[in-house]
Amino acid sequence: MRKTVLVSIALIAVLSTMGTAMWGVFAHKSSENQAVAATVAPPLTGWMQNFTPADPVGPAPKLEVLKKDGKVLSLDKFRGKLVLVNFWATWCAPCIREMPSLATLQKKRGGKDFTVIALSQDFREWAAVDPFLEKHKLEGLPIYVDRKSVTGRKLKVIGLPTSVLLSRDGKVLGQLKGIAEWDSPEALALIDYYRNLAK
């Protein structure tokens, strides 16, 4: 009987030690996973704290915009590039305030793997946009018109300004509702994060 009790106590001690060791392994793994997750998450600080990553990431609907010459352009043309689509209007004061920073972002990061598209929601289309551009001199910023706000509705835009980030294969990565300084260090870091993600 005494021998059985001693064996039981020894067995409990061994199991207890193993349990502590296993907990230590799992705890270490958990902290490792958290550290990895922190390195792969997009930086959402400063002006980018209102950026909401899509969960899950899904395909964008077929999107078309109106060029200045009156022709319709499919956003499929930009496949292979990360695309920041900014919804704005000439009568929207916060939009007007952020547009110079969008132009700077385009100047700093625009190229073979990224572009900004400023998409006007003005009902008067180019009749409203042209005088605005003449006044504000937003050189280098690709600007189009969203005829009858069709693209805005497809992407569920409910207020201006709103910026939607599309992946190289046309998926919605996330959006930011409201104004942002798109040439700020945190905005550049966010764009660089997604630019480098697929490399």
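The values are calculated or read from the model by the stated rules, or taken from the named source; none is laboratory data. As the structure is a computational prediction, the values presented were derived from the model and not from experiment. Backbone-built Cβ (ideal geometry, glycine too); neighbour counts: all protein chains shown.
Evaluation of S149 against the conditions (1) of a type outside the set (A, V, I, L, M, F, W, C); (2) crowded, with 16+ Cβ neighbours inside 10 Å; (3) within 18 Å of V83 (Cα to Cα); (4) more than 14 Å from the chain's Cα centre (by Cα) shows that the sole unmet condition is (3). List the number of the failed condition for K71; all other conditions in (1) surrounded by fewer than 10 Cβ atoms within 10 Å (Cβ to Cβ); (2) modelled with pLDDT under 95; (3) out of contact with any Gly (no Cβ under 9 Å at 6 or more places or on another chain) hold. That leaves (2) as the condition not met.
Can you name every residue in the range 91-121 that is free of Cβ contacts under 8 Å to residues at least 60 places away in the same chain, farther than 22 Å from W47 by Cα and not small (G, A, S)? Those that are free of Cβ contacts under 8 Å to residues at least 60 places away in the same chain, farther than 22 Å from W47 by Cα and not small (G, A, S): W91, K112, Q121. Just one residue in the set A189, A198 is under 18 Å from F114 (Cα atoms), surrounded by fewer than 20 Cβ atoms within 10 Å (Cβ to Cβ) and modelled with pLDDT of 95 or more; that residue is A189. Restricting attention to the range 87-133, which residues are among the charged types (D, E, K, R) and part of a helix (DSSP H, G or I)? Hits for the range 87-133 are R97, E98, K107, K108, R109, D130. Just checking, how many residues over the range 144-170 are at negative phi and without any contact (Cβ under 8 Å) to a residue 60 or more places away in the chain? Count: 3.
The numbered conditions (1) within 16 Å of the chain's Cα centre (by Cα); (2) surrounded by 18 or more Cβ atoms within 10 Å (Cβ to Cβ); (3) in a loop (DSSP other than H, G, I, E, B) are all true for L160 except (1). Say whether the condition of being over 16 Å from W88 (Cβ atoms), touching a strand residue (DSSP E or B) at 6+ places or on another chain (Cβ under 7 Å), among the small types (G, A, S) and assigned by TED's automatic domain parsing to the domain that holds E98 is met by at least one residue in the range 154-169. Scanning the range 154-169, I find at least one residue that is over 16 Å from W88 (Cβ atoms), touching a strand residue (DSSP E or B) at 6+ places or on another chain (Cβ under 7 Å), among the small types (G, A, S) and assigned by TED's automatic domain parsing to the domain that holds E98, so the answer is yes.
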